[in-house]
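The values are calculated or read from the model by the stated rules, or taken from the named source; none is laboratory data. Computed from a prediction, not measured in an experiment: that's the story for all the values here. Reconstructed Cβ throughout: ideal geometry from the backbone, glycine too, with neighbour counts over all protein chains shown. Note: accessible area is taken over every heavy atom of the protein model, side chains too, but ligands, DNA and RNA are not part of it. Shrake-Rupley method; radii C 1.70, N 1.55, O 1.52, S 1.80 Å.
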Amino acid sequence: MLRRVLSLPSSCRGCRAWSLLLAVALVLGLGLGLPVASHARNGQRSASSIAWTEARLVADVEAAFERARLDQKPVFLYWGAAWCPPCAQLQTTVFNRRDFVELSRRFVAVHIDGDAPGAQRLGAQFRVRGYPSVVLFSPQGEELTRLPGEVDATLYMDTLRMVLGGSATRAATRPAQRVLDDALAGRSLPVHEWRQLARYDWSEGEQRLVPDGQRARTLLRLARSCPAHLKVSQTRFLLKAAAASAPPGRPGALDEEGRFAAGAALTRMLGDPSQARDLMDLVTHDVQPVLAALTRDGTPGRVQLQRVWDQAAARLVADDGLSRSERLGAWQVRVELARMGRLPGDASLPPTLLGELQNHVDQWVRDSADAQERQSVVPAAAHLLAEAGRVAQAQQLLKAQLGQVVAPHFLMGQLASLARRRGDMADALQWSRLAWEQARGPAARLQWGVSHIGTLVDAAGDDAVGIESAAGVLLTELAGSPDAFHERNVRALERLAQRLRGWADQHPDGAGVLARLAVRLTPLCRQQPAGGGARLQCEALMRSGA
């Protein structure tokens, strides 16, 4: 399925928005971020384990890179979290493959659990944000590539082998930045380096090769420079450029020639079952931005593209060579397309399509092999049911699966989201509180705690004592965190400050609450190095009144 992470909190999917869980992201302020692929067939599964280095401290990472330099092996860095559905999919569909386990002997595998104490500091060091992220480094620490996630397992493995190169002990591919610089300078590149760039993770907020405002034009330049016989790479560049340029009229939007080329490439790809299967990440991702960049609502061109796009997605839904999560990703496209042009709030689908969706959801949830796979399948299935107007069935599914997944608090967050959707704020508050109570790990507890305070403000804004108490618990827990002002943690705190300031403006006791919370924040600020970024961020929160 798609690698779309709820980047807990702010960036989804500026980071890599997992569109199947957009409703949860909006309520929880989440944002996942991952690479995922198709399920390994029985003959490919392996009971063997990967020799992961579990990195919790800077010293752990430094030791891993030192080993990589000595052995002349690249470093495969995986950043994830136990609760993250796309991470669960990555683990059950890629990391358990026999060929991946064998390939792992050619690199030093490093795992950073984003919910481990100190992990967010490491995340900042490697510029990873959404869960999961996968980055391949040379033994010298240069970034070779950020592996894309919106691909099936075969393409994922092919991309990894390509980057590792032919040698069993040395990566042959140059760092991505140098390859890109040469491509933009008009220098000749070998075929595998064009493919390296085409398969790079160009998601907004994840890549760092070019600023986001230059992404669309850069990708269009690559498409025009790419050799004509590399049609697949050209198609990737063109459609990624289209997605980055939406909506029309924004800075960096495609010119008329670029729109025509991207539209032609999209039509060819969607109409060719073999190519659409090979490029399934493009079929199941960025539907609305690409359509917005290339066509106008209600025009014959838009209608035609919607029709052939739905046909391509339907073929993927029926492809039993894909994982259940990937097929749910194709269903997401079908639901999005069916709802386009409807009035806001109209979630109705044609009865035949709705019945087919319900049957697939029932079957795929029932057939999910274990708690890890259900952590990926169940949230996506519930979200699809809700988007199709079957909110009661979505709630029933989530409640039934609470004891059957790795991290039930994620499902509780979805239940809170669905309760808000129904306008039942009391129920939303109950599920939100339970999700926070069940969350494990400092980053997760902070993020779900901030979400709960937001629900508390909306559902019980007069309860100043309860709001102050919940915020106080968060700050107390944060005092023991070594990376309170790094990556996702600091963004969660910024969201908290914003919500509390807005609430305080409307509540007679708000100013006093904020003043007392600012006092509680002072010792935490003093724990940060003087003059450093973390100290400045903390003090800025205090000045803003949080």
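Report the extension gain between Arg296 and Asp182 in nm, rounded to one decimal, defined as 0.36 nm multiplied by the number of residues separating them, less their alpha carbon distance.
Computed gain between Arg296 and Asp182 is 37.5 nm.
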Report summary line: Quick P(r) readout (the range 442-546; Cα-Cα; 10 Å bins; whole %) gives 16, 54, 27, 4
Query - Chain lengthening between Arg520 and Ala369 when straightened (0.36 nm per residue, less Cα-Cα) - result: 49.7 nm
Requested in this report: Please give the direction-averaged projected area of the C-alpha convex hull for the range 489-546, in square nanometres with one decimal.
Outcome: 3.6 nm²
Query raised in the report: Normalised by the number of residues in the chain, what is the relative contact order in percent for Cα pairs under 8 Å and 6+ residues apart?
Result: 14 percent
Query raised in the report: Using alpha-carbon pairs under 8 Å, 6+ residues apart, how would you state the relative contact order of the range 349-418 in percent?
Result: 29 percent
Query raised in the report: Can you give the alpha-carbon Rg of the range 191-243 over 2.2 N^0.38 Å, where N counts its residues?
Result: 1.03
Query - Rough spin-label spacing in nm, given labels placed 7 Å along Cα→Cβ, for Arg315 and Glu256 - result: 3.2 nm
**Report entry** Against the rule of thumb 2.2 N^0.38 Å, how large the Cα Rg of the range 60-116 comes out
**Finding:** 1.22
Query raised in the report: So, with +1 on the Cβ of K and R and -1 on the Cβ of D and E, and no other charges, what is the size of the charge dipole of the chain about its Cα centre, to the nearest 20 debye?
Result: 860 debye
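Roughly speaking, to the nearest percent, how much of the chain's 1.4 Å accessible area is carbon and sulfur?
51 percent
Between Asp71 and Asp362, what length in nm is gained on full extension when 0.36 nm per residue of separation is reduced by their alpha carbon distance?
Result: 99.9 nm gained on full extension.
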Query raised in the report: Under a plain spin-label model, where a point goes 7 Å from the Cα along Cα-to-Cβ, how far apart in nm are Arg422 and Ser274?
Result: 5.0 nm
Report summary line: Over all directions, the range 443-483 yields a Cα convex hull whose mean projected area in nm² is 2.6 nm²
Query raised in the report: Taking a probe of 1.4 Å, how large is the accessible area per residue of the chain, in Å²?
Result: 38 Å²
Report summary line: For the range 270-361, the Debye formula with one identical point scatterer on each Cα and no solvent gives log10 I(q)/I(0) at q = 0.15 Å⁻¹ as -0.57
Requested in this report: Report the antiparallel proportion of the DSSP beta bridges in the chain as a percent, rounded to a multiple of 5.
Outcome: 50 percent
Report summary line: About its Cα centre, the range 315-405 carries a charge dipole, from +1 on Lys and Arg Cβ atoms and -1 on Asp and Glu Cβ atoms, whose size in debye to the nearest 20 is 220 debye
Report task. Run through all the Cα pairs of the range 318-376 and give the fraction in each 10 Å bin from 0, expressed as whole percent. Result -> 20, 47, 26, 7
Report task. Counting only C-alpha contacts under 8 Å and six or more residues apart, can you give the relative contact order of the range 280-420 as a whole percent? Result -> 18 percent
Report task. Pick out, from Leu279, Val128, Ala264, the residue whose Cα sits farthest towards the positive end of the charge dipole of the chain, with +1 on the Cβ of Lys and Arg and -1 on the Cβ of Asp and Glu. Result -> Ala264
Query raised in the report: To two decimal places, what compactness ratio does the range 293-421 give when its Cα radius of gyration is scaled by 2.2 N^0.38 Å?
Result: 1.11
Query raised in the report: Along the positive direction of the dipole of the range 364-515 (beta-carbon charges: Lys, Arg +1; Asp, Glu -1; about the Cα centre), which of Ser368, Ala459, Asn489 reaches farthest?
Result: Ser368
Report summary line: For the range 389-479, the Debye formula with one identical point scatterer on each Cα and no solvent gives log10 I(q)/I(0) at q = 0.15, 0.26 Å⁻¹ as -0.56, -1.29
**Report entry** Dipole of the chain, positive end: most advanced residue of Leu517, Gln527, Leu478 [Cβ charges, Cα centre]
**Finding:** Gln527
Query raised in the report: Quick one, what does Rg over Rh come out to for the chain if you take C-alpha atoms and the Kirkwood Rh?
Result: 0.96
